[in-house]
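The values are calculated or read from the model by the stated rules, or taken from the named source; none is laboratory data. The shown structure was predicted, so the numbers you read here are calculated from the model rather than taken from an experiment. No Cβ is skipped: glycine too gets one built from the backbone with ideal geometry, and neighbour counts run over all protein chains shown. Accessible surface is based on the protein model in full, side chains and every heavy atom, while ligands, DNA and RNA are left aside. Shrake-Rupley method; radii C 1.70, N 1.55, O 1.52, S 1.80 Å.
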Amino acid sequence: MFQNPTAPLAPMTPDAVLSAFRYLRAVEAGDTGAAAGFASSDPRMPELLADAAERIVVPVTALCGIDPDPCDDSFALEAVGRVLVATLRSWAQAGPDAVEGVARAVIAFVRQVLTEEEHGESVADVLRQMEAVGFGQALEAHPAPAGSNPVRPTIA
């Protein structure tokens, strides 16, 4: 299925954001027990990871706002980002068996493109930052019912 690359993404729910990033952080930390538990708790985990990946990859690789004078490399970066997202979405369609591979691809992208280790930033730091942003966006898109007391989880 082709998705229009300029179409806005349907917002993830707060629970979906938390599930996806808990799984990513468990895989990144090498906690296979926790990762297995998170993966088995939601059979849609591969799709959730692809959704989270699109929210990470597209803003980083898109031409809009990155380079006031785009060059061939700018277009190549955007194309690579879109290919990565499309590949992850295709891979996620394989079902629950694809979950670890999708997660490792997202983590590799974060490590190679977003993490500034020379400034003391780790992949786990970046994942926590991305989770906080994604959770905030999800809360805006899916506000708590009137009269409830929404609480932002502590993302450690």
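What the table below lists for this structure:
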quantity	calculated
Per-pair calculated FRET efficiency, R0 = 25 Å: residue 29 and residue 94 via Cβ, rounded to 0.05	0.55
Pairwise FRET efficiency - residue 10 versus residue 117, Cβ, R0 = 30 Å, nearest 0.05	0.35
Probe 1.4 Å, all protein chains present, accessible-area order of 13, 115, largest first	13, 115
